[in-house]
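The values are calculated or read from the model by the stated rules, or taken from the named source; none is laboratory data. All values derive from a computational prediction rather than experimental measurement. Quick reminder, even Gly has a Cβ in these numbers, built from the backbone with ideal geometry, and neighbours come from all protein chains shown. Heads up: the accessible areas ignore ligands, DNA and RNA and are worked out on the full protein's heavy atoms, side chains in. Shrake-Rupley method; radii C 1.70, N 1.55, O 1.52, S 1.80 Å.
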Amino acid sequence: MRYNEWISRSLLILKLMSYQETGAVLAALTTSIPETIGEVRNWDYRFCWLRDASMSIETLLKMGHREAAE
């Protein structure tokens, strides 16, 4: 299939975006990245948007990754 590698990488990212302790799907992977190098402000973004999480879970299920979706 033409896009197998891209699909596999995308599924890996979806799996990596889940918080192991609760199973929550994180809204962004940029947590704690500094806004400016050497400054104290950072992009602390640890939210779970239910709409986006449900789309991620649906995709994992459709691709046969039931255990990751659970």
Practice item. Could you please let me know if Ala28 is hydrophobic (A, V, I, L, M, F, W, C) and either at pLDDT below 80 or loosely packed, with under 10 Cβ neighbours inside 10 Å (or both)? Key: yes
Point to revise | Positions within region 42-70 being among the basic types (Lys, Arg) and either at pLDDT 90 or above or assigned to a helix (DSSP H, G or I) (or both), in sequence order | key: Arg51, Lys62, Arg66
Check your understanding: So, of the residues in region 9-23 that are in a helix (DSSP H, G or I) and of a type outside the set (S, T, N, Q), which turns out to be least open to solvent (accessible area, probe 1.4 Å)?
Key -> Leu11
